[in-house]
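Below is one structure, written out as structure tokens; comments come after it.
The values are calculated or read from the model by the stated rules, or taken from the named source; none is laboratory data. Remember, predicted model here, so these are calculated numbers, not experimental data. Note that each Cβ is placed from the backbone with ideal geometry, even for glycine, and that neighbours are counted across all protein chains shown. Only protein heavy atoms, including side chains, enter the accessible area calculation; ligands, DNA and RNA are left aside. Shrake-Rupley method; radii C 1.70, N 1.55, O 1.52, S 1.80 Å.
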Protein chains: 2
Amino acid sequence: MSETLLSSRNLAFELYEVLDAEALTQRPRFAEHSRETFDAALGTARSIAEELFAPHNRKSDEHEPQYADGSAVLIPEVKPAVDAFIEAGFQNASRSFEAGGMQLPSLLSRACFAHFQAANIATSSYPMLTMGASHLIETFGDDEQKRRFLQPMIDGRFFGTMALTEPHAGSSLADIRTRAEPAADGSYRIKGNKIFISGGDHPLSENIVHMVLAKLPDAPAGVKGISLFIVPKFLVNADGSLGKRNDVLLAGLFHKMGWRGTTSTALNFGDNGECVGYLVGKPHQGLAYMFQMMNEARIGVGMGAIMLGYAGYLYSLEYARQRPQGRLPDGKDPTAAQVAIIQHTDVRRMLLTQKAYVEGAFDLGLYAARLVDDCETLATEDERQQAHELLDLLTPIVKSWPSEFCLKANELAIQILGGHGYTREYPVEQYYRDNRLNPIHEGTHGIQSLDLLGRKLAQNGGAGLKQLTRLIHTACQRAAGFPALDALRQPLEQLLARLSAVTLALLGDLMAGQVNQGLANSALYLKVFGHTVIGWRWLEQAIRAEQGLALINKGEGNAADADFYRGKLQAARYFLTWEVPSCHHELSLLEARDDTCLGMRDAWF
Amino acid sequence: MSETLLSSRNLAFELYEVLDAEALTQRPRFAEHSRETFDAALGTARSIAEELFAPHNRKSDEHEPQYADGSAVLIPEVKPAVDAFIEAGFQNASRSFEAGGMQLPSLLSRACFAHFQAANIATSSYPMLTMGASHLIETFGDDEQKRRFLQPMIDGRFFGTMALTEPHAGSSLADIRTRAEPAADGSYRIKGNKIFISGGDHPLSENIVHMVLAKLPDAPAGVKGISLFIVPKFLVNADGSLGKRNDVLLAGLFHKMGWRGTTSTALNFGDNGECVGYLVGKPHQGLAYMFQMMNEARIGVGMGAIMLGYAGYLYSLEYARQRPQGRLPDGKDPTAAQVAIIQHTDVRRMLLTQKAYVEGAFDLGLYAARLVDDCETLATEDERQQAHELLDLLTPIVKSWPSEFCLKANELAIQILGGHGYTREYPVEQYYRDNRLNPIHEGTHGIQSLDLLGRKLAQNGGAGLKQLTRLIHTACQRAAGFPALDALRQPLEQLLARLSAVTLALLGDLMAGQVNQGLANSALYLKVFGHTVIGWRWLEQAIRAEQGLALINKGEGNAADADFYRGKLQAARYFLTWEVPSCHHELSLLEARDDTCLGMRDAWF
């Protein structure tokens, strides 16, 4: 059977040739692990994803959750899938052994989870949301909260949500209106309405733990007045047993274009004045807590976008190999047999573009996951701090770049299948619909561009940016050792040089108080920065591919890998010579502080 | 009420300022018409579109046609809508008075039809298909065929389809297998299977006239052996009454991502050996006939893509004006009221991009419609021939450019609405899904690129290309009279100069027999050529806007139009300075005969 979720050869390339996952086993936290335990976890993930997640991917799209008697009803296939996921330990893949986890590196837990995202993004969302919510309690909750709420989440009995958005407050969380009044018993009474809460109701777990942003009565205005609360669907007694239903009402379900298997809910908190919540950490620190967890969620969204792109790429590749249609331009004999469409150069272009996008982004996503490991397990505080700085800088790219370009990959997958691709009889149109959510949730594309340009670049005196620049320079130096890579390296060097100058100029604007001008074309900046980062990751892959080919030429490598490496080099060539140089136009607009959009007036539309 | 289908101010600008529709009334065929009759027809179209087409657009998406007892069942709202369309004369808007038509210029009938496409692309498809089929019989059928089949189509009693695609023959029509055996009575017996036949069954008309491509027993191989047949759902007696059901079986319905209201059918012809068909025109000329009608169908697809883009643009514009969210970068006071999102520069960028795409494409679509009038009503054979040559050249752009960039516009409309845009509670996600079909049907994007580069450019010694080049040069010369347009004109001049050189080089490849090399990057060529054409159309609009502003400054124009003209200039500036220069990168790849895609091997993926 051909692979449908991701290429295991490419995964091995990433883990063991590019990102050196085995080196992690030399760190004390991962000392019990080895390539064998890593591969065993990956194999289990693949099996469960193929056997329990993928088979109902279409069904959960066609039979979206239904609202009935105040609850959301799902198709029956979802629960056995998430149960198997939990049973196999993936809910706690990164947690320590003593906390009941597998103590896997983040790199490996992300790689495992990628299989579930490719197989069924909607079903995989329920555990992903629970991981995010449980991580918040783990990091900021008190012991009692951990006992009552976190432990059942680790045990797989409770699921979680992140309840941020309100009808009038999406991107602008400063404007939330949900209130939290202190009660005599030390808990709070929550009152407010939340929308677009994914997993806000479902029959998959005994209880649902909502992580709710709300404002205390004495809260300062804006983002500095937001606090974080645990609001369970059912109250939990001191002995851990479930108490009465909390005053959280499922007000309705949203009906989405895609990603339909995940409930998107409107929740009313405290319609009857009896909604009990528990303050997490300190008052007014809620948004800071959320942001501390944002890297995790944003890498998760980026990986989801990548895996939807990956699944579409693999499907359209297999289709292009099987589907005969037409003849090559220089072979018009109408009595000759039709050729497989992969023989047409324009179909190759669409496949190569997909490969460059999804494998480039996949490399970056796993690189970011490995940085999470570095944040937590590098030997010194200094090193860990450095990893944090780089991860913070890259996070907007990890989230936004795949959301844009792996969606584009899905568009190309449809195009390769032609009329068939447009029908629901084939899976690629669903990937496209599902993926369209990713540039929106967890911070829109526009928000990511402001986060990058207006915040991340200058953080810690630009420490992350300096690191990244150094890493790209180093990669270029290593690439210079391979003459075959000259044509790939040079466009990246040129782009980086010009991007660095533009970056300084824009930061200069911001420091001089010219914020509207400096941020006006942040979307262009995001694209160029993203292409620079992905270009770097492709150059890294190309270096490994050259090394792999060199080994084969010396008779030391596996000769069967030669085509794989050549494909890597061709995709790197595509990205570095077709995509990277396209950014010079955007750089010109940025250099000129072009004000076409800034100067447009409402009345002129 | 704000306009939801298209801007009537912009439509008037196109018709009466840019394309001089009134000048057409000086031609004998349109002498009975005037701006008043044009506007009356447009007003009727708008009313019917708003009152009978738009209201069931979402419903026909949510309740797609159902297969029941060998027939397709539609929601009840479709029939009254198409009945009103026919009753008002739009089925025959361009036909002569004596043939029962309105004898409107093609420019006006397209502009009228645009309202229906914006309101409900699926329902508008039934009359559009019928117009295409009836036009084929009108042009190539004999008197008996016209009497039996065309007249009832004109009368609105029969509908039509175009039955080309087969399971193994989509883009490659040379490979169709449907056979036509001569019968003793001069008719034929058709046998074969067709798929993706839009409107292949429905309860909207008494009869359905399928225009079927099939091969005669003595047919030469390939495209030179395809003939065209009329195959009615019900046979038609000599007196015009309906006879027995023909041997055409509705084998099933396809379930599409969008455009769901239009039945997409699998039809079996001759399962019982009794499918009666009638040869249209001469044997083996079927594909030539189809191609002669292709301009019409491809302009129709292009206009459909434009109008979906237009409807999404207007919706997201209105939303952006109403929706408060966040504050400007230089105004972070959290107690200040939120601003409407149209105030955010990145939202303006997304609106301005949509405006540039949809209004640029709308201008081109109507320009092409006016060329159809020129083909038919210019005074001399020479002039008509010239119009034909230019229209032939532009047709792949009219079809493909909006299919790509107005789809992109729909993507941006969703983004402006954020999470709401992703739900089916708002209309923009449906426009996006509907529009995704357009790069596929009536010749995929790849086919259009080959048609342009491999066929149209060199046709008639490059006469069309020479004309287009001259027209763009002339526009640049006129623009040079407006110093404010220098920054818009120059990028177009630079692009055109370089495109012309690349065109000669690629045609040189083709003439030298280097067809694989010459056509390898046809998709890049299509993009650059399309951007040149749209850039030209924006420069033309900018010239008219400058003229309009000059009149206002002299106290002669309507001062209330000043903002409209400024918006035109800003959108022109966006397209000519943000989009047009981006093509230089593609030109470099074309100049270098880059072989990244051509050289990719199947085994390397």
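So, in the range A:31-63, exactly how many residues are buried (at least 16 other Cβ atoms within 10 Å of the Cβ) and under 24 Å from the mean Cα position of the chain (by Cα)?
Qualifying residue count for the region: 18.
Residues are listed down the side, and each one gets a yes or a no for (1) touching a Ser or Thr at 6+ places or on another chain (Cβ under 9 Å); (2) open to solvent by 30 Å² or more (accessible area, probe 1.4 Å); (3) more than 21 Å from B:W604 (Cβ to Cβ):
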residue	(1), (2), (3)
A:V528	no, no, yes
A:V533	no, no, yes
A:N553	no, yes, no
A:N558	no, yes, no
A:G567	no, no, no
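Confirm whether B:K215 is within 14 Å of another protein chain (Cβ to nearest Cβ) and in contact with a Phe, Trp or Tyr (Cβ under 8 Å, 6 or more places away or on another chain).
No.
Could you list all residues from the range A:419-429 that are surrounded by fewer than 24 Cβ atoms within 10 Å (Cβ to Cβ) and at the interface with chain B (Cβ under 9 Å from one of its Cβ atoms)?
Result: A:G419, A:H420, A:T423, A:R424, A:E425.
A:P80 - would you say it is open to solvent by 30 Å² or more (accessible area, probe 1.4 Å) and free of Cβ contacts under 8 Å to residues at least 24 places away in the same chain?
Spelling it out, it is not the case that A:P80 is open to solvent by 30 Å² or more (accessible area, probe 1.4 Å) and free of Cβ contacts under 8 Å to residues at least 24 places away in the same chain.
Consider only pairs whose beta carbons are under 8 Å apart and that are at least six residues apart or on different chains; among these, list those whose first residue lies in the range B:233-244 and is part of a loop (DSSP other than H, G, I, E, B) and whose second residue is acidic (D, E).
B:K233/B:D201
Considering B:G481, B:G461, which residue is outside any helix (DSSP H, G or I) and farther than 30 Å from B:S198 by Cβ?
Result of the check over B:G481, B:G461: B:G481.
Please work out if A:V339 is open to solvent by 20 Å² or more (accessible area, probe 1.4 Å) and under 25 Å from A:S2 (Cα atoms).
The answer is yes for A:V339.
Given the conditions (1) surrounded by fewer than 19 Cβ atoms within 10 Å (Cβ to Cβ); (2) modelled with pLDDT of 95 or more; (3) farther than 30 Å from A:F254 by Cβ, and given that A:M1 satisfies all but one, which numbered condition is not satisfied?
(2)
Can you find a residue in the range A:218-237 that is surrounded by fewer than 24 Cβ atoms within 10 Å (Cβ to Cβ) and of a type in the set (F, W, Y)?
Looking through the range A:218-237, at least one residue is surrounded by fewer than 24 Cβ atoms within 10 Å (Cβ to Cβ) and of a type in the set (F, W, Y).
With (1) surrounded by fewer than 24 Cβ atoms within 10 Å (Cβ to Cβ); (2) facing another protein chain (nearest Cβ under 10 Å); (3) under 22 Å from B:S264 (Cα atoms) as the list, and B:Y432 as the residue in question, which single condition is left unmet?
(1)
Which of the residues belonging to the range A:4-30 are open to solvent by 60 Å² or more (accessible area, probe 1.4 Å) and in contact with a Ser or Thr (Cβ under 8 Å, 6 or more places away or on another chain)?
Matches in the range A:4-30: A:E22, A:P28, A:R29.
Table: residues versus (1) more than 12 Å from chain A (Cβ to nearest Cβ); (2) outside any helix (DSSP H, G or I); (3) touching a residue at least 40 places away in the same chain (Cβ under 8 Å).
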| residue | (1), (2), (3) |
| --- | --- |
| B:R537 | yes, no, yes |
| B:I543 | yes, no, yes |
| B:A562 | no, no, no |
| B:K568 | no, no, yes |
| B:A572 | no, no, yes |
| B:L576 | no, no, yes |
| B:P581 | no, no, yes |
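Could you tell me which numbered condition B:G100 fails, if it satisfies all but one of (1) at positive phi; (2) part of a helix (DSSP H, G or I)?
Only one criterion is unmet by B:G100, namely (2).
Can you confirm whether A:F405 is within 14 Å of chain B (Cβ to nearest Cβ), in contact (Cβ under 8 Å) with a residue 24 or more places away in the chain and touching a helix residue (DSSP H, G or I) at 6+ places or on another chain (Cβ under 6 Å)?
yes
What is the one condition in (1) within 14 Å of another protein chain (Cβ to nearest Cβ); (2) open to solvent by less than 60 Å² (accessible area, probe 1.4 Å) that B:S171 does not satisfy?
Here B:S171 meets the rest and fails (2).
Out of B:A288, B:A251, which single residue is part of a strand (DSSP E or B), out of contact with any Cys (no Cβ under 7 Å at 6 or more places or on another chain) and either surrounded by fewer than 20 Cβ atoms within 10 Å (Cβ to Cβ) or touching a residue at least 12 places away in the same chain (Cβ under 8 Å) (or both)?
B:A251
In the set A:S522, A:S582, A:S588, which member is under 26 Å from A:Q467 (Cα atoms), among the polar types (S, T, N, Q) and either buried (at least 22 other Cβ atoms within 10 Å of the Cβ) or in contact with a Leu (Cβ under 6 Å, 6 or more places away or on another chain) (or both)?
A:S522
Could you run through the range B:353-377 and say how many residues are within 14 Å of chain A (Cβ to nearest Cβ) and either over 26 Å from B:L471 (Cβ atoms) or of a type in the set (K, R) (or both)? Talk me through it step by step, then tell me what you get.
Taking the range B:353-377 as the starting set, the residues that turn out to be within 14 Å of chain A (Cβ to nearest Cβ) are B:353-359.
With either over 26 Å from B:L471 (Cβ atoms) or of a type in the set (K, R) (or both) added as a condition, the list becomes B:354-355.
Number of matching residues: 2.
Could you tell me which residue of the range B:511-525 is nearest to A:Q415 (Cα to Cα), considering only residues that are assigned to a helix (DSSP H, G or I) and more than 7 Å from chain A (Cβ to nearest Cβ)?
The selected residue is B:L524.
Answer yes or no: is there a residue in the range A:485-494 that is outside the structural domain of A:Q514 (by TED's automatic domain parsing) and without any contact (Cβ under 8 Å) to a residue 24 or more places away in the chain.
So far as the range A:485-494 goes, no, none of its residues is outside the structural domain of A:Q514 (by TED's automatic domain parsing) and without any contact (Cβ under 8 Å) to a residue 24 or more places away in the chain.
Only residues that are closer than 15 Å to A:G312 by Cα and within 10 Å of chain B (Cβ to nearest Cβ): list them for the range A:435-461, please.
Passing the criteria: only A:R436.
Which residue, of B:Y426, B:Y432, is among the hydroxyl-bearing types (S, T, Y) and outside any helix (DSSP H, G or I)?
Details: B:Y432 fails: outside any helix (DSSP H, G or I).
One residue alone meets the criteria, B:Y426.
Please verify whether A:E36 is closer than 30 Å to A:Y319 by Cβ and either modelled with pLDDT of 95 or more or part of a loop (DSSP other than H, G, I, E, B) (or both), treating the condition exactly as stated.
no
Looking only at residues that are in a loop (DSSP other than H, G, I, E, B) and open to solvent by 40 Å² or more (accessible area, probe 1.4 Å) in the range B:304-335, which one is nearest to the other protein chains (Cβ to nearest Cβ)?
My answer is B:P334.
If I ask for residues that are free of Cβ contacts under 8 Å to residues at least 60 places away in the same chain and either part of a loop (DSSP other than H, G, I, E, B) or within 19 Å of B:G535 (Cα to Cα) (or both), which ones from the range B:589-605 would you list?
Residues satisfying the conditions are B:A592, B:T596, B:G599, B:M600, B:R601, B:F605.
Of all residues being of a type in the set (A, V, I, L, M, F, W, C) and open to solvent by 50 Å² or more (accessible area, probe 1.4 Å) in the range B:497-513, which is farthest from B:G530 (Cα to Cα)? Just the residue, please.
B:A512
Out of all the residues in the range A:148-160, is one or more away from chain B (no Cβ under 14 Å), touching a strand residue (DSSP E or B) at 6+ places or on another chain (Cβ under 6 Å), open to solvent by 30 Å² or more (accessible area, probe 1.4 Å) and not aliphatic (A, V, I, L, M)?
yes
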